[in-house]
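The values are calculated or read from the model by the stated rules, or taken from the named source; none is laboratory data. Since the structure is predicted, the reported quantities are computational estimates derived from the model, not experimental observations. Here Cβ is always computed from backbone atoms with ideal geometry, including for glycine, and neighbour counts include all displayed protein chains.
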């Protein structure tokens, strides 16, 4: 009698995934218990025993639960920093604009050497005009009083916009056929890559005024952004170089044989394919860049970390640091998790496409 | 003239000269401006200040340091602190990361869930925020008087964790550690280097055992010789007045740095390990099954060694990157290399020299680390150019 194919049921699935052997059963029970315990304590702390509104502040500390009152009372400070209270809607719209631009860049229609820069420059211009004001009857607010999430997003967007073209230049210079240019660029990239980001920011913020002629110094914030962009460009250049090196040599040779000039070869043959190869690590690099933007707090800027620290800085809320950190962590988590999931999805899709 | 411009070699030479010359001119301008600026402030450049006394405290130091110690000693303290945190952080991160990575590829649904949750939570939140979080948690522990005293030997207080220590000098502990490290390195070398490939397995085993035994005996000997006179071997912390005395105090700053680096690093390492395991063709473990190997044997003898070979190049980058991340210690006031240098800049004003030392130091440490790990990689990677796993 021929055995017929038995379509696995849910029960079979559970059996093979959780109770395949005695060891598996033991692991499932142990890890299941740990997971349940963590979930239960979290639920208790964050929801069941927690106090939510700022009005009920006196209730905090009776139970072991979280005191979300601090977020209720201080969320504007955390998100917008010291930005003038009546103008905070501008900050909110500006942040939303950059988030929208980031989301739109994930749409393949924009993956094009013209559309993507236009999209980002437009988004950045909208952000800057809204935040800085001075036009269309908006009150002028200098970058010194920006803060919170909008400062974090500003630094991130500026670094991306300056760093991305710079990284292409760096990658091309490093791959140059002229040995001196390639070697010098290689030395610069490798040196900057082996230094900590913090030391580069610090150098640009504190040391650069010493060595630059007066007219070049500029604001501390912009110097830090340029330093960060340089650091970003060195990492991104290596990613692009990896993408270029993954191309079969025949591609460029064929273009040469057709008599295409260097710029045509680079912009129509090499870079589009290199970017396709380099897309997953590029997104990963953006994720890391966004997270490490938080380092500007050490150089003395009032970004979302600093405003978080300020939110429980007063005696009234000094006990509530865990709640504030959880809130700030959640903000970062939403952005970073979404972006990294997208990167993973893209990686799977590209892997399928190239099979 | 136009003929000259049309010649490719002349054009190339011109481009290269322009590029390197431009960079050179930039550096010259920097140096000249720096000189005029420094003269205007009345500062003398040079490294003479390294011999001057610092006059400020460092809250954590592995070697003797006081306010009258010179600047070079303060910087040395910083370098050692960075390497200390880096060494412990990277080791713990590797252990945790491999555990989480193995859990995620184990095939057991529950283990995968837990591993995935760990990775996703700690990878998607900035390291700095995690550092602040752990620091706040450690500072928030109860005051010494109310603090729990576990097994009458470990006190968890807001001023630090107090654990029992040994009454031996720091130098001898370091020496013992070096012996163990040497034994570890030598036994790795014994296993991987081509020079010993003809040696019999049994002989290698006895040689390795005697290496470890020798290192342990030498280590114990050096600790014994380094004993502080007239004290018991183990010194227990005890509550006196408002704080604990004796024992070893692990400061909240140090512990927060170690915890943050370990957990953040572990989340990244777990992903690398998972990718490494996934890169091994399924046929390898199926072949193991067919030969009748147990699950543990397949894991430890087939999948793990293959995975290590796949992941090592990525891991090297990760280690260098994690070591660079230890600089965030300054955010909570842990006196690492970066913090010591930045304090020195504030105190002495020798900005350029100190930044030079900082960058040179990190370059040296990172290049050394990458070099050593690359040698290990060269030793275990497959020879030849064909793509194999």
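One residue is enough: does segment A:195-211 have a residue meeting the conditions farther than 25 Å from residue A:303 by Cβ, touching a residue at least 40 places away in the same chain (Cβ under 8 Å) and in the same structural domain as residue A:303 (by TED's automatic domain parsing)?
No - not one qualifying residue is present in segment A:195-211.
Please enumerate the residues belonging to segment A:229-274 that are under 27 Å from the mean Cα position of the chain (by Cα) and outside any helix (DSSP H, G or I).
Passing the criteria: only A:246.
Criterion first (assigned to a helix (DSSP H, G or I) and at pLDDT 80 or above) does residue B:212 satisfy it?
Against the criterion (assigned to a helix (DSSP H, G or I) and at pLDDT 80 or above), residue B:212 qualifies.
What single numbered condition from (1) modelled with pLDDT under 80; (2) outside any loop (DSSP other than H, G, I, E, B) fails to hold for residue B:317?
(1)
What's the number of the condition residue B:23 fails, among (1) touching a residue at least 40 places away in the same chain (Cβ under 8 Å); (2) within 14 Å of chain A (Cβ to nearest Cβ); (3) under 37 Å from the mean Cα position of the chain (by Cα); (4) over 27 Å from residue B:253 (Cα atoms)?
For residue B:23, the exception is condition (1).
Considering segment A:212-228 alone, what residues qualify as being assigned to a loop (DSSP other than H, G, I, E, B) and either in contact (Cβ under 8 Å) with a residue 40 or more places away in the chain or more than 10 Å from chain B (Cβ to nearest Cβ) (or both)? Walk me through how you get there before you give the answer.
So the first thing to find is which residues in segment A:212-228 are assigned to a loop (DSSP other than H, G, I, E, B), and the list is A:212-213, A:217-219.
Selection gives A:217, A:218, A:219.
Scan segment A:307-334 for residues that are within 17 Å of residue A:149 (Cβ to Cβ), more than 10 Å from chain B (Cβ to nearest Cβ) and either assigned to a loop (DSSP other than H, G, I, E, B) or without any contact (Cβ under 8 Å) to a residue 60 or more places away in the chain (or both) and report the count.
0
Answer yes if at least one residue in segment A:170-188 is touching a strand residue (DSSP E or B) at 6+ places or on another chain (Cβ under 8 Å), crowded, with 23+ Cβ neighbours inside 10 Å and in a helix (DSSP H, G or I), and no otherwise. I'd like the intermediate steps shown before the answer.
We begin by selecting, within segment A:170-188, every residue touching a strand residue (DSSP E or B) at 6+ places or on another chain (Cβ under 8 Å); these are none.
There is no residue in segment A:170-188 that is touching a strand residue (DSSP E or B) at 6+ places or on another chain (Cβ under 8 Å), crowded, with 23+ Cβ neighbours inside 10 Å and in a helix (DSSP H, G or I).
Residue-by-condition table, conditions (1) over 24 Å from residue A:209 (Cβ atoms); (2) at the interface with chain A (Cβ under 10 Å from one of its Cβ atoms); (3) surrounded by 12 or more Cβ atoms within 10 Å (Cβ to Cβ):
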{"site": "B:6", "(1), (2), (3)": "yes, no, no"}
{"site": "B:13", "(1), (2), (3)": "yes, yes, yes"}
{"site": "B:16", "(1), (2), (3)": "yes, yes, yes"}
{"site": "B:30", "(1), (2), (3)": "no, yes, yes"}
{"site": "B:42", "(1), (2), (3)": "no, no, no"}
{"site": "B:60", "(1), (2), (3)": "yes, no, yes"}
{"site": "B:68", "(1), (2), (3)": "yes, no, no"}
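Scan (1) free of Cβ contacts under 8 Å to residues at least 40 places away in the same chain; (2) surrounded by fewer than 16 Cβ atoms within 10 Å (Cβ to Cβ); (3) farther than 26 Å from residue A:148 by Cβ for the single condition residue A:267 breaks and write down its number.
(1)
Of all residues in segment B:334-349, which are within 11 Å of chain A (Cβ to nearest Cβ) and either at pLDDT 85 or above or not in a helix (DSSP H, G or I) (or both)?
Residues satisfying the conditions are B:336, B:337, B:338, B:339, B:341, B:342, B:349.
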